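Working notes, structure below.
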Amino acid sequence: MSLLQRLEKQKVLQEKNEPAEIQLARREMRQSNREQLQELVLNLHKKVIAQLKDVADEVKENHEALVKKIEALVAGLLEEDAPGLSRTQKQLITAEIIDETVGFGPITPLLQDPSISEIMVNGPHQVYIERNGKLVLTGVTFRDNAHVMHIIDKIVAPIGRRIDESMPMVDARLPDGSRVNAIIPPLALNGPTITIRKFSRQPYTVDDLIRFGTLTTSMAKFLEACVKARLNIVVSGGTGSGKTTTLNVLSSFIPADERIITIEDAAELQLQQEHVITLESRPPNIEGKGAITIRDLVRNSLRMRPERIVVGEVRGGEALDMLQAMNTGHDGSLTTGHANSPRDMLARLETMVLMAGMDLPVRAIREQIASAIDLIIQQNRFRDGSRRITHITEVQGMEGDVIILQDLFVFKQTGVDENGKIKGIFQSTGIRPKFISKLEASGINLPPNVFSPSIF
């Protein structure tokens, strides 16, 4: 325990031994000081914003120059308005005003922390983070609901989205591609709520997933071969299971000389190829018109000479257009969907096709699915926060009215260790996929031991 921690502990114990009325007075004094500092920060922020209006555009566009300008402004204002503050208090106030002006307020340090994967703002006085797969309550707070709303507006305004009482929910993204969802009163009773799914500044590679234990080297080689051989692949899994990360890794196997079109609600895929066209859906305007859906974009992409179509997630009628694209020469397409197992993914696809408004017989839908999709990758998130590919499953075709699935690789959980970590093994089922001839026709020859029934 550090000297500072010992002094703080001693101070707390000392205050506990004091009479109740003195303890109450101390709490009121601290609260009063806190409120005075918050009011000071608010006033300084307004003055800084007012003075920045006259700053040259080249300074505004240069982040470092803008930060230095703000630091100089705050230093001058503090000398005028609060000369009695300590050096530490001045540094904290300056940092807070910089975060408010050029960042995203109190959550800016959380966004900059690479160990944090998700940020959940549950109203102004409660902020949780996910670190190493576990939820942790932070000490970060906002002033009030209006403060949270201000940060939401800073996030959604640059990408042309809006949020108000007429449209109290929004999906957006940060400049680095992190996914943002916001929902406000009257729908959110706790106050304005923000959920940010952060992405790594450096996109994860297949080697990273192998290191994390998401899959094995043999599975990675097999998936790389499937992408290069232009198989149609669906990545399924629950919320937060890592579907988009896996989709990013799969897309990295696409040859650099192919034209790729990505379609998403909020653009978050981080493709590294040069020839990539990124399309993003658009919500309706204030009059309820002008919406462009994922389905509209999928249909439009077919006229853009795509060699690969990558849809961030299918969740509605666009599933029908995606299946038709896969069945009409646009092979090598990739997408994700929410499901608990490969079989459930097929059932969800049937439901989503029906959501397109077409009164198709179930057998016709299943034939479309069986013909279009070659492989389903099931990814799960476990209780310890780890994410693993639990099934790599081939769609073999129809037998009667049933779509035949065959597992090629599976993960079997064997227990939990003393630290609560999931223990398990990856296994090959020993079955060679029916599409192995397609891989060989593409000039891809996998080692024979990839499909040997072994544990790895």
Residues of the range 439-454 that turn out to be surrounded by 15 or more Cβ atoms within 10 Å (Cβ to Cβ) and over 10 Å from A225 (Cα atoms), as a count | 2
From the list M398, M352, which one is farther than 25 Å from G240 by Cα, touching a helix residue (DSSP H, G or I) at 6+ places or on another chain (Cβ under 7 Å), at pLDDT 90 or above and outside any loop (DSSP other than H, G, I, E, B)?
-> M398
Failed criterion for S115 (all others in (1) within 19 Å of G240 (Cα to Cα); (2) touching a helix residue (DSSP H, G or I) at 6+ places or on another chain (Cβ under 9 Å); (3) not aromatic (F, W, Y) hold) | (2)
Any residue in the range 48-60 that is surrounded by 18 or more Cβ atoms within 10 Å (Cβ to Cβ) and assigned to a helix (DSSP H, G or I)?
-> yes
Across the range 246-268, what is the number of residues that are in contact (Cβ under 8 Å) with a residue 60 or more places away in the chain and not acidic (D, E)?
-> 7
Count of the range 281-323 residues which are within 23 Å of A364 (Cβ to Cβ) and part of a strand (DSSP E or B) = 2
Can you name the residue in the range 246-277 that is buried (at least 21 other Cβ atoms within 10 Å of the Cβ) and hydroxyl-bearing (S, T, Y) and is also nearest to the chain's Cα centre (by Cα) among such residues?
-> T246
Would you check which residues across the range 285-316 are touching an Asp or Glu at 6+ places or on another chain (Cβ under 9 Å), within 19 Å of R161 (Cβ to Cβ) and of a type in the set (A, V, I, L, M) and list them?
-> I286, I292, I294, L297
What single numbered condition from (1) in contact with a His (Cβ under 9 Å, 6 or more places away or on another chain); (2) assigned to a helix (DSSP H, G or I) fails to hold for E258?
-> (2)
Pull up the range 174-208, narrow it to residues that are among the β-branched types (V, I, T) and in a strand (DSSP E or B), then point me to the one that is farthest from G312 (Cα to Cα).
-> T193
Just name the residue that is farthest from D176 (Cα to Cα) out of those in the range 117-133 that are of a type in the set (G, A, S) and outside any strand (DSSP E or B).
-> G123
Just a yes or no: is a residue in the range 324-334 modelled with pLDDT of 90 or more, part of a strand (DSSP E or B) and closer than 13 Å to I373 by Cβ?
-> yes
For M345, indicate whether it is under 22 Å from L247 (Cα atoms), in the same structural domain as S218 (by TED's automatic domain parsing) and in contact (Cβ under 8 Å) with a residue 60 or more places away in the chain.
-> yes
Index of the failed condition, T214 passing every other in (1) in the same structural domain as F426 (by TED's automatic domain parsing); (2) out of contact with any Lys or Arg (no Cβ under 6 Å at 6 or more places or on another chain); (3) part of a loop (DSSP other than H, G, I, E, B) | (2)
If we scan the range 95-109, do we find a residue that is surrounded by 15 or more Cβ atoms within 10 Å (Cβ to Cβ) and in contact with a strand residue (DSSP E or B) (Cβ under 7 Å, 6 or more places away or on another chain)?
-> yes
Quick one: what pairs do we get from the range 164-180, first residue closer than 21 Å to Q112 by Cα, second β-branched (V, I, T) and not in a strand (DSSP E or B), C-beta under 7 Å, 6+ apart or different chains?
-> A172/I155; A172/V156; A172/I159; R173/I159; L174/I155; V180/I155
By residue number, the members of the range 110-133 that are surrounded by fewer than 17 Cβ atoms within 10 Å (Cβ to Cβ) and among the acidic types (D, E) are D113
Just give me the residues in the range 134-163 being crowded, with 16+ Cβ neighbours inside 10 Å and part of a loop (DSSP other than H, G, I, E, B), in sequence order.
-> T138, V140, F142, R143, R161, I163
Of the conditions (1) under 22 Å from the mean Cα position of the chain (by Cα); (2) surrounded by 14 or more Cβ atoms within 10 Å (Cβ to Cβ); (3) in contact (Cβ under 8 Å) with a residue 40 or more places away in the chain, the single one that G317 does not satisfy is (1)
Taking the range 235-255 on its own, how many of its residues are assigned to a loop (DSSP other than H, G, I, E, B) and either modelled with pLDDT of 95 or more or on the phi < 0 side of the Ramachandran plot (or both)?
-> 7
Filtering the range 63-116 down to residues that are part of a loop (DSSP other than H, G, I, E, B), under 21 Å from L37 (Cβ atoms) and in contact with a Lys or Arg (Cβ under 7 Å, 6 or more places away or on another chain) yields F104
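The values are calculated or read from the model by the stated rules, or taken from the named source; none is laboratory data. Only a predicted model underlies this, so the values are computations on that prediction, with no experimental measurement involved. Ideal geometry is used to build each Cβ from the backbone, glycine not excepted, and the neighbour counts take in all protein chains shown.
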